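The values are calculated or read from the model by the stated rules, or taken from the named source; none is laboratory data. This one's a predicted model, so the numbers in the text were calculated from it and none came from an experiment. Here Cβ is always computed from backbone atoms with ideal geometry, including for glycine, and neighbour counts include all displayed protein chains.
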Amino acid sequence: MSPAPHSPRTPMSPSRRPGARVKSPELLLAESGTDLEGHGLRRTMGLFQLVCFGVGAIVGTGIFVGLSDSVAEAGPAVVVSFVLAATTCVFTAFSFAELGGAVPVSGSSYSFAYATLGERVAFLVGWCLLLEYGVSVSAVAVGWSQYVDELLDSLVGLHLPTALSAGPGDGGVINLPAVVVVMMAATLLVRGIRESAGATAAMAVLKIGILIAFCAIAFTAFEDGHLSPFAPHGVAGVTAGASVAFFSYIGFDAITTAGEEVKNPRRNIPIAILICIGLVTLLYCAVALGAIGALGADPVSGRPAALSLVVDQVTDSSVGGGIIAFGAVVAIASVVLAVMYGQTRILMSMSRDGLIPRIFERVSPRTHTPVANTWIVAVLFALPAAFSSLDVVVNLTTIGTLAVMAVVNIAVITLRRDHPALPRSFRVPLYPLSPVVGVGFCVYLMYGTGWTTWAQFALFLAVGALIYSRYGRGRSRLVSSGETAPAATGSPEA
């Protein structure tokens, strides 16, 4: 039986930690599955759909468009860069798996931080997630526009007018295709999670098949000589390449934002996270090795549609490149869909807590989706996609995401200490070494983004802290009265 919703006028009880604005896991679980209006989200996603949702959130622009940027930094050693970025994700994935199984709610990293490190840190995590998801969706939408143009060229020999397919920074006026894909995703999201999950699953299967087909074609032209010199820029190049390649993994944490709409979340969330990281890492390394082995690092470097180029040259035909372009269009659209979904659920959790306006928490009784929230997010994400190339903020997105992941690793340690008896369907291996190493890898890759990015990130956090102190703190529904949080009256799997 689902727990009764708390009254919006009743202050939420904090955890037992005196003087700290920390929301207990028991309270988070008691609130899960219902919003303050009493209209709950529905648990309709199974394990297969959740894995496809994760793949849909990860595989997109990073490999179809961003591969060339990673190759430019690391050369053939980009494979090592992908493994290094994946290793960072694996340690953090362990932490996400434990937290997602212990506290299966829709707020993801934000909720995990709230339950362990307090409200201020949680707000800043939510602020960073807005950067991670918002910028990545906008950047992905711009990449989608590029591949739509590539697909039209392959099919009918036409190119979209630059004025209508690129922002002012890229010589155009407005990027209409980027706006279209964001609005299409929003339309599907407001219809319901079942429809969105079904579409994401179909697109995920299709793009995995196309990437496997790419590898099969590229490896027919593989030459050992194309891998030499293997690391032309040394260790520094591999590290820089890993920082760039990390952008290709952004999105796997979106799996935990589905905590209130997944069947048997304690079991399925940890399994889905680990499957996604393993599958995506194998795909990325195989694609990178195939592309460089077929043409060499220099032809791949600096080419946004590098995969289409490889297939065209290997097959001596534009048909294969057209198929890859079609796969990229589908793949990137699924990223927009999955990441926008994650962003709306995080904002809904923050709104429930009073830290942002209440409009973000309202769930439609007809579709069981946050309709107003979704359309606001769509407009906010479509605007930068329409008028910017977003290249200048990719590093800022990366450092913000890595900071959130470092917090998640710390949250595992804090939750183990403060709530040792909390049921956990998955436990990180080699605790506490695993989360500590996870923090170390995150900081290492953050260092690789450069000091300019660090300065931008510091300013970004300062703005977030100011918003929290002037708006969120005074409107928070959590009180510091020292009361104990009520235990959940219903199972999160109910």
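For this structure, a couple of remarks:
- Among the residues of the stretch 40-52, the one identified as modelled with pLDDT under 80 and outside any loop (DSSP other than H, G, I, E, B) is Met45.
- Among the residues of the stretch 245-286, the ones that are surrounded by fewer than 24 Cβ atoms within 10 Å (Cβ to Cβ) and over 14 Å from the mean Cα position of the chain (by Cα) come to 14 in all.
- Any hit, the stretch 12-21, residues being surrounded by fewer than 24 Cβ atoms within 10 Å (Cβ to Cβ), within 27 Å of Thr414 (Cβ to Cβ) and modelled with pLDDT of 80 or more: yes
- Residue in the stretch 430-441 that is more than 16 Å from Pro270 (Cβ to Cβ), touching a helix residue (DSSP H, G or I) at 6+ places or on another chain (Cβ under 9 Å), part of a helix (DSSP H, G or I) and free of Cβ contacts under 8 Å to residues at least 24 places away in the same chain present: yes
- Output for the stretch 84-95, where each listed residue is touching a Pro at 6+ places or on another chain (Cβ under 8 Å) and of a type outside the set (Ser, Thr, Tyr): Phe91, Phe94
- In this structure, Arg366 does not qualify as farther than 29 Å from Ile174 by Cα and in contact (Cβ under 8 Å) with a residue 24 or more places away in the chain.
- Screening Phe426, Phe381 for residues that are among the aromatic types (Phe, Trp, Tyr), touching a helix residue (DSSP H, G or I) at 6+ places or on another chain (Cβ under 6 Å) and assigned to a helix (DSSP H, G or I) leaves exactly one candidate, Phe381.
- Exclusive hit being at pLDDT 80 or above and farther than 27 Å from Val407 by Cβ, set Val90, Val78: Val78
- Selected residue (only one of Thr281, Thr257 is part of a helix (DSSP H, G or I), at pLDDT below 80 and polar (S, T, N, Q)): Thr257
- Listed by position, the helices (runs of 4 or more DSSP H) contained in the stretch 73-178 that have at least 1 residues being more than 22 Å from Val436 (Cα to Cα) and of a type outside the set (Ser, Thr, Tyr) are 78-102, 119-156, 162-165.
- Candidates Thr449, Thr453, Thr367 - the one that is in a helix (DSSP H, G or I) and polar (S, T, N, Q): Thr453
- Screening the candidates Arg358, Arg303 for the property of being among the basic types (Lys, Arg) and modelled with pLDDT of 80 or more yields one hit, Arg358.
To keep it simple, each residue is scored yes or no on (1) out of contact with any Ser or Thr (no Cβ under 8 Å at 6 or more places or on another chain); (2) in contact (Cβ under 8 Å) with a residue 24 or more places away in the chain.
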position: Ala291; (1), (2): yes, yes
position: Ala306; (1), (2): no, yes
position: Asp316; (1), (2): yes, no
position: Val335; (1), (2): no, yes
position: Val339; (1), (2): no, yes
position: Thr344; (1), (2): no, yes
position: Leu347; (1), (2): yes, yes
position: Gly354; (1), (2): no, yes
position: Trp375; (1), (2): yes, yes
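Let's see how each residue does on (1) over 30 Å from Pro420 (Cβ atoms); (2) surrounded by fewer than 24 Cβ atoms within 10 Å (Cβ to Cβ):
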{"site": "Ala86", "(1), (2)": "yes, yes"}
{"site": "Ala93", "(1), (2)": "no, no"}
{"site": "Ser108", "(1), (2)": "no, no"}
{"site": "Gly118", "(1), (2)": "no, yes"}
{"site": "Leu129", "(1), (2)": "no, no"}
{"site": "Glu132", "(1), (2)": "yes, no"}
{"site": "Asp149", "(1), (2)": "yes, yes"}
{"site": "Leu152", "(1), (2)": "yes, yes"}
{"site": "Pro168", "(1), (2)": "yes, yes"}
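- Asp312 vs. criteria among the acidic types (Asp, Glu), farther than 21 Å from Ile212 by Cβ and assigned to a helix (DSSP H, G or I): no
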